[in-house]
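Below is one structure, written out as structure tokens; the observations come after it.
The values are calculated or read from the model by the stated rules, or taken from the named source; none is laboratory data. Since we're looking at a predicted model, the values are computed, not measured. Because the Cβ atoms are built from the backbone with ideal geometry, glycine has one as well, and the counts that use them run over all protein chains shown.
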Amino acid sequence: MDMSKMEAPANQVSEGKMIDRYVYLENVNMRFVTKKGVFEALKDVNLNIQQGEFVSIIGHSGCGKSTVLNLIAGLLEPTSGHLFCAGREIAKPGPERAVVFQNHSLLPWLTCFENVYLAVERVFGSETKVNLELRTYAALELVGLTHASDKRPNEISGGMKQRVGIARALAMEPKVLLLDEPFGALDALTRATLQDELMKIMAKSGATAVMVTHDVDEAVLLSDRIVMMTNGPSATIGDILEVNLAKPRNRLELAENKQYNHLRAEVLKFLYERHAKKAA
Amino acid sequence: MSAILNVVNLKNESVAEGKSNMVPSENTAKVIEIATKVKKDASTRLQVEGIKEPSKFTANAIAFFQWLLPPMFGLLMLLAVWALIAAQAQGLPGPIKTFQSAVELFSHPFYVNGPNDQGIGWNIVASLKRVGLGFSLAALVGIPLGFMIGRFEFLNRMTAPVISLLRPVSPLAWLPIGLLVFKAANPAAIWVIFISAIWPMIINTAVGVSKVPQDYMNVAKVLNLSEWKILTKILFPSVLPYMMTGVRLSIGVAWLVIVAAEMLTGGVGIGFWVWDEWNNLNVEHIIIAIFVVGIVGLLLEQGLIAIAKRFSYE
């Protein structure tokens, strides 16, 4: 194994091309009004994501990491503070910030093809029908599911559903791909396969991605940076870890890589020493 | 049940026998011994039951008979209880007498002897027309209203007290209002059907809309779908099962109410016919009418279940 290559800088895109503050969170606070009173979920969250970066958000459950994602998606509005994407303030959800939902959220009455087509039609509606269909097939091919295009979600496995969800998001050619614990509901083997596929797809498309996860290995394997959040209420960013491992990454080689194991240990230390979650 | 099990056992054992013949050993010899014994036992039992050669056809026939047995038994019980009561009570005709009367009645279902004396067929058709009209109007108003109530919280809170107040009112209490407003019996009967059939459709549709999973609505938001796409691709398919439940309940209520309404309004219709036969003291015909109302109601419900299944995505 070539160690020097593994420890080369992660971003192979030249510095000039990278756009700083592509996704930018500025003093974001989020309070929810509940029956028990006001609940402060997030406090003073500041985050700067560059174009083409893959950022993971990790933290214990209930730390508001999904809230951060929903804020970027535009599904929630911050109580105070500002969020920007590609130089514009985020006001509402839109297809330029595609979301891969945790539970796939495919419409059960539509086939896989129709589910993806619904998104394609919305984003590229001005193109011809043939073109839209080609885009849909291309997206399904990217996740290796052309053979299941006429099946409905309840006829395919959990892993396949999640792939269709990813295809739907990618077909929109989003500026930012938002992944909300995309593989959380899958078994370990399927999860590993899909992680590998996602790595390849991201390398090909070069899209910016923000992923919420509670899986340490997944975070280290996929990310350029790992955002570690403190426990809620009033959760905020505790630390940000640079993952300076060369791409493409291989999970088998990384298993014996010192740097990988060091990074993994750093995340674990953060989660279980500095911000251990008290047993409920 | 035991007969079927025997048939299955028999098949398994003959397979085991066939295989073991090819590779004989001490163990298989034992198996063969047991198998042949079991086979003999089974075949003698089958012979006792009068079945000589068990085949797929007989197995199917037995399964069909077992499926049919409980409902047939239930219906026979009903007839028995009826015959028993008829034998005690004066003037109540028994099953046989009623059946003879029904054969006579249904041999000429579509005669017309003036406006107040028409065949049972015409009476059923007249009732179905009223139910169809009242029910369709109720669906036309109730389903869109249900969608709007489910979609807009303000409308929901606005209509909630009105619906809660009016829904428990007995359908027939609306009849005088109908007679007053429409000044005719037929529209008044349709009005009663309308007002009693509308509630289940409004309520079930509204519940269905409010139960649309938030995930699907999030998809709609992220994709930035138009209101029309949200309605056709997300709301409507998602609400459909709830809506069909409402429709089914509604048609049941409508058919339930028509008999009572027609008794009061008169004219042609199964309800009026029952009242007319009561005045004629023709009790057989009243009992026949009860069966007719029951069977037509059953067919309406089954028809709607079939439609619901056709449109279901599961």
Enumeration of residues in region A:54-74 that are part of a loop (DSSP other than H, G, I, E, B) and either at pLDDT below 90 or not assigned by TED's automatic domain parsing to the domain that holds A:L271 (or both): A:G59, A:H60, A:S61, A:G62, A:C63, A:G64
Residue that is modelled with the highest pLDDT, among those in region A:85-102 that are farther than 15 Å from A:R163 by Cα and facing chain B (nearest Cβ under 7 Å): A:P93
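If you check B:V212, B:V207, which single one turns out to be at negative phi and away from chain A (no Cβ under 14 Å)? Even if it seems obvious, please write down each step before you answer.
Details: B:V212 fails: away from chain A (no Cβ under 14 Å).
Testing whether each residue is at negative phi and away from chain A (no Cβ under 14 Å) leaves just B:V207.
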Residue ranges of helices (runs of 4 or more DSSP H) in region B:213-285 with at least 1 members in contact (Cβ under 8 Å) with a residue 40 or more places away in the chain and either over 24 Å from B:I177 (Cα atoms) or in contact with a Cys (Cβ under 8 Å, 6 or more places away or on another chain) (or both): B:236-265, B:270-279
Residues of region A:203-224 satisfying the condition of being surrounded by 19 or more Cβ atoms within 10 Å (Cβ to Cβ) and not small (G, A, S): A:T208, A:V210, A:M211, A:V212, A:T213, A:V216, A:E218, A:V220, A:L221, A:L222, A:D224
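Taking region A:142-153 as the region of interest, how many residues are outside any loop (DSSP other than H, G, I, E, B) and farther than 21 Å from A:L189 by Cα?
Here is the first cut: in region A:142-153, the residues outside any loop (DSSP other than H, G, I, E, B) are A:142, A:146-148, A:153.
Remaining after also requiring farther than 21 Å from A:L189 by Cα: A:146-147.
Number satisfying all stated conditions: 2.
Please state which one of A:L118, A:L106, A:L83 is among the hydrophobic types (A, V, I, L, M, F, W, C) and assigned by TED's automatic domain parsing to the domain that holds A:Q195.
Among A:L118, A:L106, A:L83, only A:L83 is among the hydrophobic types (A, V, I, L, M, F, W, C) and assigned by TED's automatic domain parsing to the domain that holds A:Q195.
Can you tell me how many residues in region A:56-108 are basic (K, R) and more than 24 Å from A:D224 (Cα to Cα)? So that I can check it myself, show each step before the final result.
In the first step, residues of region A:56-108 are kept if they are basic (K, R); the result is A:65, A:88, A:92, A:97.
This time we only want the ones that are more than 24 Å from A:D224 (Cα to Cα), so: A:92.
Of the residues in that region, 1 qualify.
What helices (runs of 4 or more DSSP H), lying completely within region B:77-193, carry at least 1 residues that are among the basic types (K, R) and assigned by TED's automatic domain parsing to the domain that holds B:V292? So that I can check it myself, show each step before the final result.
Details: elements: B:95-107, B:120-151, B:153-166, B:175-182.
In region B:77-193, B:120-151, B:153-166 are the helices (runs of 4 or more DSSP H) which contain 1 or more residues that are among the basic types (K, R) and assigned by TED's automatic domain parsing to the domain that holds B:V292.
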Boolean, B:A87 is surrounded by fewer than 12 Cβ atoms within 10 Å (Cβ to Cβ) and either under 11 Å from B:E284 (Cβ atoms) or of a type in the set (A, V, I, L, M) (or both): yes
Residues of region B:204-233 satisfying the condition of being in contact with a Ser or Thr (Cβ under 7 Å, 6 or more places away or on another chain) and surrounded by fewer than 21 Cβ atoms within 10 Å (Cβ to Cβ): B:V212, B:D215, B:Y216, B:N218
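So that you can scan it fast, the table gives a plain yes or no per residue for (1) assigned to a loop (DSSP other than H, G, I, E, B); (2) away from chain B (no Cβ under 14 Å); (3) free of Cβ contacts under 8 Å to residues at least 40 places away in the same chain; (4) farther than 22 Å from A:G52 by Cβ:
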{"position": "A:L177", "(1), (2), (3), (4)": "no, no, no, no"}
{"position": "A:A192", "(1), (2), (3), (4)": "no, yes, no, yes"}
{"position": "A:E218", "(1), (2), (3), (4)": "no, yes, no, no"}
{"position": "A:V227", "(1), (2), (3), (4)": "no, yes, no, no"}
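Yes/no per residue for (1) crowded, with 21+ Cβ neighbours inside 10 Å; (2) among the acidic types (D, E); (3) in contact with a His (Cβ under 7 Å, 6 or more places away or on another chain); (4) in contact (Cβ under 8 Å) with a residue 60 or more places away in the chain:
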site: A:A119; (1), (2), (3), (4): yes, no, no, no
site: A:S126; (1), (2), (3), (4): no, no, no, no
site: A:V130; (1), (2), (3), (4): no, no, no, no
site: A:T136; (1), (2), (3), (4): yes, no, no, no
site: A:E141; (1), (2), (3), (4): no, yes, no, no
site: A:H147; (1), (2), (3), (4): no, no, no, no
site: A:R152; (1), (2), (3), (4): no, no, no, no
site: A:I156; (1), (2), (3), (4): no, no, no, no
site: A:Q162; (1), (2), (3), (4): yes, no, yes, yes
Tally of residues being touching a helix residue (DSSP H, G or I) at 6+ places or on another chain (Cβ under 6 Å) and modelled with pLDDT under 90 across region B:180-201: 1
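Quick one: is B:F236 surrounded by fewer than 19 Cβ atoms within 10 Å (Cβ to Cβ), closer than 30 Å to A:L106 by Cα and assigned by TED's automatic domain parsing to the domain that holds B:L140?
Judged against the criteria, B:F236 is a match.
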Residue count, region A:154-175 (criterion: within 30 Å of A:L83 (Cα to Cα) and part of a loop (DSSP other than H, G, I, E, B)): 4
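Which members of region A:103-117 meet the condition of being in a loop (DSSP other than H, G, I, E, B) and within 9 Å of chain B (Cβ to nearest Cβ)?
Correct list: A:N103, A:H104, A:S105, A:L106, A:L107, A:P108, A:W109, A:L110.
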Residue ID - nearest to the chain's Cα centre (by Cα), chosen from residues in region B:99-155 that are buried (at least 16 other Cβ atoms within 10 Å of the Cβ) and among the charged types (D, E, K, R): B:R130
